[in-house]
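For reference, the structure discussed in these notes is given below.
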Amino acid sequence: MGASGQSLDSYLGELQFGQYDLFIIIASEQFSLNHVRLAKAIESVGKRFYAIWTKVDRDLSTTLLSKVLLRQSIQENILDSLRKEGICDPPIFLVSSLDPSLHDFPTLRRKLQIDISNIRCCGPLQALFHICEVTVNEKVTSLKARVSSKCLQDAPGVLHAEDLEQCLKAYRLHFGVDDESLKQVAWSTGRVVSEYRDTLKSWCFPELCRADWRLRLVTCSVAKAFLRLLGWIPCCGSRAVCFFVCMIHSCILHLVGQDTKAILRKILDDSKCPA
């Protein structure tokens, strides 16, 4: 951009951001307005970038500041320039142009290895999540079909359709997001089980009701009393009760399916290298 004399607007117009996952902005004399505009353009398309300041050894040889104060001054100057334009703080590396073992070069090398590894894994992980998402959706649809056809007793683990606490546990077990399964996942990923349980809306029935207004409505004391009264009405009463029970089960299945996908997403995210 600088060496060719090409204008920034022309450069940004030719740069195909979609072809790249990571950008490195290099500066040595000053972090100029052009650098800031480039950073803003990169961030606007949802891409990441590093800011790298080269020739630190030259700066150290021409300043009266200590190494710590010089580093702090350069970093603050870069961050202030970016923050004025509302740009999030990027990783900043101060490197030597003479020796790749000095200053932030080793840290930069490790950061690149981790981020490039994660970028390479991102596509396959996204494809895997899509496959899992489709499978979960199909399973939810299948169980909802059983519910709507009044075959609640055929649903796996459902003993009494009116016992919503027990039904929720059965559905969580069927989708693999029950407490024991979460413990095994936490053990295999090296996480604490609370990280996964906190992702769930369906870890207990009261929490599930708080997360969904429809469940709060149909499980409140007034609604329960109304359903009990309906049960005493000949012919249509039992059908009405069955309709409401099926509606509740369908709602529970939907929320458990959403939780299952949230857990799968977290597992895949946790499988990436830590930044």
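Structure notes:
- Looking across segment 52-66, just one residue is in a helix (DSSP H, G or I) and either loosely packed, with under 13 Cβ neighbours inside 10 Å or touching a Gly at 6+ places or on another chain (Cβ under 7 Å) (or both), and that is SER61.
- For segment 133-149, the criterion of being of a type outside the set (Val, Ile, Thr), at pLDDT below 80 and either out of contact with any Asp or Glu (no Cβ under 8 Å at 6 or more places or on another chain) or not assigned by TED's automatic domain parsing to the domain that holds PHE205 (or both) is met by at least one residue.
- Hits in segment 191-209 (condition: polar (S, T, N, Q) and surrounded by 14 or more Cβ atoms within 10 Å (Cβ to Cβ)): THR199, SER202
- Residue within segment 106-123 that is of a type in the set (Val, Ile, Thr), at pLDDT 85 or above and either surrounded by fewer than 18 Cβ atoms within 10 Å (Cβ to Cβ) or over 30 Å from PHE244 (Cβ atoms) (or both) present: yes
- Sub-7 Å Cβ pairs linking a first residue in segment 15-33 that is part of a loop (DSSP other than H, G, I, E, B) to a second residue that is among the hydrophobic types (A, V, I, L, M, F, W, C), at least 6 apart or interchain, are ASP21/ILE119; SER28/TRP53; PHE31/ILE78, ordered by first then second residue.
- Checking each residue in segment 1-51 for being of a type in the set (A, V, I, L, M), at pLDDT 80 or above and crowded, with 16+ Cβ neighbours inside 10 Å picks out ILE25, ALA27, VAL36, LEU38, ALA39, ALA41, ILE42, ALA51.
- Residues (of a type in the set (A, V, I, L, M) and surrounded by fewer than 15 Cβ atoms within 10 Å (Cβ to Cβ)) located in segment 86-105: LEU98, LEU102
The values are calculated or read from the model by the stated rules, or taken from the named source; none is laboratory data. Only a predicted model underlies this, so the values are computations on that prediction, with no experimental measurement involved. Ideal geometry is used to build each Cβ from the backbone, glycine not excepted, and the neighbour counts take in all protein chains shown.
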